[in-house]
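Chemist: Quick one: this structure, given as structure tokens, is what I'll be asking you about.
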Ligand SMILES: CC(C)(COP(=O)(O)OP(=O)(O)OC[C@H]1O[C@@H](n2cnc3c(N)ncnc32)[C@H](O)[C@@H]1OP(=O)(O)O)[C@@H](O)C(=O)NCCC(=O)NCCS
């Protein structure tokens, strides 16, 4: 299969935070943010694979900054690496200052999707060719994240997670 670049399937969504989407402290409810990120990441995985994609795991979520009601939230999702049938999607979340318009990063997350056919059987996806420096860094680190996720899911023996083990051997 021909390699594709992350920018070909990048998905950017911008939406605001309504009162019904907040917790009792008037900040964006975490579950609402997870759903927004999942939707953007799904579109990215679908654009890359041209298949139905299902969320296989949420590998990492960092709620670094609380997002107040009324905020304008931009979510950028792009493929960081593909394997055989799975795709790691990296999600960056930004909020913008109302007066200056300056955008700051609020949160990030990493999801894994699997492309499936109509019977939900996993199917192969195109490889990804990172272009920018950050895309290359995320591509390189994705193998460790995959191994960690598979070990935690009980789908890989810790002794087989060579890339992950190398982190602790240095
Ligand atoms: C995700 C799913 C398709 C995987 O099916 P499976 O029978 O475990 O398939 P396999 O073991 O062959 O794994 C398929 C791929 O998923 C990856 N995978 C499975 N579990 C994973 C996990 N916890 N973390 C990272 N990758 C995972 C495998 O590594 C493999 O990737 P590869 O082909 O690139 O090497 C299946 O578990 C499923 O349908 N889950 C439900 C999904 C769902 O309902 N999501 C929420 C709504 S969309």
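The values are calculated or read from the model by the stated rules, or taken from the named source; none is laboratory data. Nothing here was measured: the structure is a model prediction, and the numbers come from that model. Note that each Cβ is placed from the backbone with ideal geometry, even for glycine, and that neighbours are counted across all protein chains shown.
Chemist: Considering the stretch 110-149 alone, what residues qualify as being more than 26 Å from residue 93 (Cα to Cα), in contact (Cβ under 8 Å) with a residue 40 or more places away in the chain and loosely packed, with under 13 Cβ neighbours inside 10 Å?
Modeler: Within the stretch 110-149, 117, 118, 120 qualify.
Chemist: Only one of (1) surrounded by 13 or more Cβ atoms within 10 Å (Cβ to Cβ); (2) within 16 Å of the ligand (Cβ to nearest atom) fails for residue 152. Which number is that?
Modeler: All conditions pass for residue 152, except number (1).
Chemist: Any idea how many residues of the stretch 12-46 are touching a strand residue (DSSP E or B) at 6+ places or on another chain (Cβ under 9 Å) and within 16 Å of the ligand (Cβ to nearest atom)?
Modeler: Qualifying residue count, the stretch 12-46: 12.
Chemist: Tally time: how many residues in the stretch 59-89 are modelled with pLDDT of 95 or more, in a strand (DSSP E or B) and within 14 Å of the ligand (Cβ to nearest atom)?
Modeler: The total comes to 8.
Chemist: Do you know which residues across the stretch 132-159 are closer than 22 Å to residue 6 by Cα and in contact with a helix residue (DSSP H, G or I) (Cβ under 7 Å, 6 or more places away or on another chain)?
Modeler: 135, 143, 144, 147
Chemist: Looking only at the stretch 91-130, count how many residues are over 18 Å from residue 54 (Cβ atoms), assigned to a strand (DSSP E or B) and within 16 Å of the ligand (Cβ to nearest atom).
Modeler: 1
Chemist: Might you check whether a residue that is crowded, with 18+ Cβ neighbours inside 10 Å, in a strand (DSSP E or B) and in contact with a helix residue (DSSP H, G or I) (Cβ under 6 Å, 6 or more places away or on another chain) occurs anywhere in the stretch 37-55?
Modeler: Yes, because at least one residue in the stretch 37-55 is crowded, with 18+ Cβ neighbours inside 10 Å, in a strand (DSSP E or B) and in contact with a helix residue (DSSP H, G or I) (Cβ under 6 Å, 6 or more places away or on another chain).
For every residue, the table says whether it meets (1) more than 23 Å from residue 101 (Cβ to Cβ); (2) free of Cβ contacts under 8 Å to residues at least 60 places away in the same chain.
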{"residue": "10", "(1), (2)": "no, no"}
{"residue": "26", "(1), (2)": "no, yes"}
{"residue": "30", "(1), (2)": "yes, yes"}
{"residue": "34", "(1), (2)": "yes, no"}
{"residue": "40", "(1), (2)": "no, yes"}
{"residue": "43", "(1), (2)": "yes, yes"}
{"residue": "46", "(1), (2)": "yes, yes"}
{"residue": "49", "(1), (2)": "yes, no"}
